[in-house]
Structure formats: C-alpha cells, structure tokens
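The values are calculated or read from the model by the stated rules, or taken from the named source; none is laboratory data. In this text, all values refer to a predicted model and were calculated from it rather than measured experimentally. Note that we place each Cβ from the backbone using ideal geometry, even for glycine, and neighbour counts take in every protein chain shown. We work out accessible area using only protein heavy atoms, side chains counted, and drop any ligands, DNA or RNA first. Shrake-Rupley method; radii C 1.70, N 1.55, O 1.52, S 1.80 Å.
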Amino acid sequence: MITHPSRHCAVELQALPSRIGQVRRIVSAQLRYWHLDPLIDRAALGVTELLTNVHRHAQPDKTCTVEIELLLDHLVVSVHDHDPRLPVVGDISDVAATATCGRGLAMVAAVSESWGVRAEGESGKVVWFMLSATPSTAPAEAAAAPTPARRVGAVKPAQRFVSEVDLPDEHRSQHAPARSAVAG
C-alpha cells in the first residue's frame with residue numbers, strides 16, 4: 001500500500017494528561033479534514049489508550065510521537081515511545097469491573113481491525129492499530145485511486161507497510177512527513 005504525503009500527520013509530545021486531550025482533538029480534526037468522521041470516536045479512544053500507557057509505563061521519559069496515516073483503505077494510528085519494553089497484555093477477565101486501568105490494549109483491540117507492537121531496539125517501540133476506511137468513509141480521491149499494476153509488498157502490520165526501495169520512482173515520497181508540535 002502507498003501513502004500519499006498529504007495523508008500523513010505526526011505530533012511529537014510529552015504524554016501528560018493535558019497533552020493527551022489535545023492530541024485527541026488534533027486527531028479528530030485531522031480525520032474530519034480527511035472526511036473520515038465515522039472513524040473519529042474509535043481513533044480518539046485508541047490514541048487515548050496508547051498515550052495513557054506511555055504516561056503510566058514508559059521509561060526513561062514520556063516523550064512520544066503519534067502518527068496517523070491514511071493508506072488506500074486503512075487508517076493506521078501509531079505511537080512511538082523510547083521505552084524498549086514491550087507491553088504486556090493481561091486477560092481482561094482478570095480486571096475488576098470497577099478498575100480504572102488494565103484494559104487499554106484490550107479496548108484498542110476491541111475498536112480496531114488489527115493492532116500490534118513493533119520493537120525498535122534501544123530506540124523504543126511502536127504500538128499501532130488499524131481502522132478500515134471503507135469507500136463509504138474514505139475521501140473520494142483515496143477511494144478512486146487505481147490499484148497498482150504489480151503488487152509491491154504485502155501489508156505486514158508488525159513492519160513498515162512498504163519500503164520506498166520497492167516502489168517505482170513515481171510513487172516515492174517527495175516530501176518529509178509533516179511534523180506538528182503542541183505548544184506549551
């Protein structure tokens with residue numbers, strides 16, 4: 001799958017409670033801009049859970065990057081932090097109904113088509129989830145995009161989707177990914 005440069009957004013932040021709400025609003029606004037309103041609630045819930053995990057568990061710091069990418073028919077939301085420890089997913093049936101924590105990744109799994117973790121060695125990890133952006137929820141230009149004549153790579157959620165090395169020159173990204181910083 002190929003991502004178009006204008007279909008990518010990244011925000012670097014400290015995963016503090018006040019910032020989590022700001023990022024949720026940024027993600028919601030970006031999805032409205034892409035005409036993906038039906039995905040807003042699930043994407044906002046998923047990113048909130050992932051950022052809360054960074055806030056509660058990440059070491060040595062709470063710095064992270066949230067990225068959202070619209071691939072032809074999927075929205076991928078990922079959070080990269082500097083903690084190389086992978087999350088441990090517990091059994092949700094072991095969590096008390098009144099508990100205020102312990103359900104984050106189970107909730108991400110429940111609202112997404114798929115999710116996973118990609119270890120990045122000493123530089124940390126990326127936790128991601130994917131939502132279907134069907135033609136009824138995708139922007140017209142993404143829904144009408146032609147299928148490539150040859151398959152350049154299979155979607156492997158635990159890895160980068162398509163290496164630019166494998167892409168024909170006309171599909172290589174010409175711009176660096178957009179970066180935003182939340183003021184404050």
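Here is how the numbers come out for the structure above:
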item	result
Label point distance in nm, Leu16-Ile40, each placed 7 Å from Cα along Cα→Cβ	2.7
Å² per residue, accessible surface of region 19-84 at 1.4 Å	40
Chain lengthening between Ser114 and Leu86 when straightened (0.36 nm per residue, less Cα-Cα)	8.4 nm
Apportionment of accessible area to carbon and sulfur, region 1-63, percent (1.4 Å)	55
